[in-house]
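Each remark here refers to the structure printed beneath this line.
The values are calculated or read from the model by the stated rules, or taken from the named source; none is laboratory data. Since the structure is predicted, the reported quantities are computational estimates derived from the model, not experimental observations. When we count neighbours, we look across all protein chains shown, and the Cβ atoms used for this are built from the backbone with ideal geometry, even at glycine.
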C-alpha cells in the first residue's frame, strides 16, 4: 500500500537541523523500528512539506529530504523575545525559585488570551527575565532521513478520533 490520505504510516527516521550558513547538522530526534513514529497521513497534524515528501511511498522505501526554515517552524521573530518583569516569577512571599527560573530552562506561560506558550529563559536580571517564545526549531533547516516501515488504511474510528489506535498509537 502506498502512503495516501487516511493511511496509518510508521516511520523510522532521524531528524537533524542546521541554522544560518552552517553546514554542520545537529541531531534533534531519532525514531527506530522498535519505537517508530506512527501517524495518520493527511490529518493536518504535521508540517505540510513533511507529508508532501512522503506521499506515494510504501513500506521499505527510504527517504532523505530537507525542509527550509520558512516551511518548517518559521524564521526567528524578534517580537517573540521579550522581557518579563521579574516580579511575575516571584512567589507570594517574594522569593524566586532559582531551580526553575534559570537560563536555558523552558517554562510554560500563558498569554493575555490564556493560550499556553513555551518560552526559553535567555537572561535573568534584577529587573526582568528575558524569554524567547519562538519555536525551538524556528530558523532551522530540517533534514529528515529514514525508512517507511509500514503503511495501512486507517480505521473509521482512528479517522474520527484523529489519531492512531493500537501499536505505536493511542490506547483508550
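At-a-glance table
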{"item": "Those strands (runs of 3 or more DSSP E) lying entirely in the stretch 58-172 with at least 1 residues surrounded by fewer than 14 Cβ atoms within 10 Å (Cβ to Cβ) and free of Cβ contacts under 8 Å to residues at least 40 places away in the same chain", "result": "106-110, 116-124"}
{"item": "Check on residue 52, exposed (fewer than 15 other Cβ atoms within 10 Å of the Cβ) and either more than 16 Å from residue 141 (Cα to Cα) or modelled with pLDDT of 95 or more (or both)", "result": "yes"}
{"item": "Number of the exception - residue 43 against (1) surrounded by 16 or more Cβ atoms within 10 Å (Cβ to Cβ); (2) modelled with pLDDT of 95 or more; (3) within 30 Å of residue 155 (Cα to Cα)", "result": "(2)"}
{"item": "Unmet criterion (only one of (1) modelled with pLDDT of 95 or more; (2) under 18 Å from the mean Cα position of the chain (by Cα)) for residue 109", "result": "(1)"}
{"item": "Residues (in contact with a strand residue (DSSP E or B) (Cβ under 6 Å, 6 or more places away or on another chain) and more than 24 Å from residue 161 (Cβ to Cβ)) located in the stretch 27-56", "result": "27, 28, 29, 30, 32, 33, 49, 53, 56"}
{"item": "Residues (part of a strand (DSSP E or B), farther than 15 Å from residue 139 by Cβ and free of Cβ contacts under 8 Å to residues at least 60 places away in the same chain) located in the stretch 1-31", "result": "27, 29, 30"}
